[in-house]
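A.B. asks: So that we are looking at the same thing, I have put the structure below in structure tokens.
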Amino acid sequence: MNKTSTKLVLSIAGFLASNLWLIAKGVTKGAADFFISPVVEETIVFILLQLFVMAVYFIRPLTAKTSRLIYWCVSEALVIATVWFWGIFIVCPIWLP
């Protein structure tokens with residue numbers, strides 16, 4: 001369970017880091033750096049969060065089925081919550097024109 005806890009803490013840290021990044025961008029009124037649109041920037045943050053969750057899992061993968069299930073359910077719920085909150089609820093569907 002220690003390995004599962006460590007992976008969950010890393011997943012939650014990635015979730016918090018991505019949300020803090022999006023909050024900071026919202027505070028600065030959505031001004032995107034390097035001349036990219038906020039839609040592109042948010043999409044990149046969502047993809048990086050998902051890649052981080054996958055990388056944490058695949059570095060020394062969990063062996064017990066219950067541990068894998070717990071990790072994937074919690075981590076994917078955090079990713080889905082982030083995408084739903086920032087990509088749909090706050091700025092309406094960002095991918096629609």
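The values are calculated or read from the model by the stated rules, or taken from the named source; none is laboratory data. What you are looking at is a predicted structure, and each value in this text was computed from that prediction instead of being measured. Note that each Cβ is placed from the backbone with ideal geometry, even for glycine, and that neighbours are counted across all protein chains shown. Only protein heavy atoms, including side chains, enter the accessible area calculation; ligands, DNA and RNA are left aside. Shrake-Rupley method; radii C 1.70, N 1.55, O 1.52, S 1.80 Å.
A.B. asks: Output ³J(HN,Hα) for the stretch 71-81: one whole-Hz value per residue in order, computed from phi by the Karplus curve 6.51 cos²θ - 1.76 cosθ + 1.60 with θ = phi - 60°, and x for Gly and Pro.
C.D. replies: 4, 5, 5, 5, 5, 5, 5, 5, 5, 5, 5
A.B. asks: Another question about this same structure. Which of the lysines could a cross-linker bridge to Lys25, judged by Cα under 28 Å and excluding same-chain residues fewer than eight apart?
C.D. replies: Qualifying lysines at Cα under 28 Å: Lys7.
A.B. asks: Can you give me the accessible area per residue for the chain, using a 1.4 Å probe, in Å²?
C.D. replies: So the chain comes to 67 Å² accessible per residue, rounded to a whole number.
A.B. asks: With only alpha-carbon pairs counted, each pair once and no self-pairs, how large is the Kirkwood hydrodynamic radius of the chain in angstroms?
C.D. replies: 14.3 Å
A.B. asks: Sticking with this one: With each run of n ≥ 4 DSSP H residues scored as -39500 (n - 2.57), what mean residue ellipticity at 222 nm is computed for the chain after dividing by its residue count and rounding to the nearest 500 deg cm²/dmol?
C.D. replies: -23500 deg cm²/dmol
A.B. asks: May I pose another question? How high is the relative contact order of the chain, in percent, with contacts defined as C-alpha pairs under 8 Å that are six or more residues apart?
C.D. replies: RCO, the chain: 42 percent.
A.B. asks: Given the options Leu48, Leu69, Leu22, which has the most mean-square fluctuation in a GNM of the chain, springs set between C-alpha atoms less than 10 angstrom apart?
C.D. replies: Leu69
A.B. asks: Points 7 angstrom from Cα along the Cβ direction at Ile90 and Ala77: gap in nanometres?
C.D. replies: 2.1 nm
A.B. asks: Of Ser18, Ser37, Ser67, which is the most mobile in a GNM of the chain whose springs link Cα atoms less than 10 angstrom apart?
C.D. replies: Ser37
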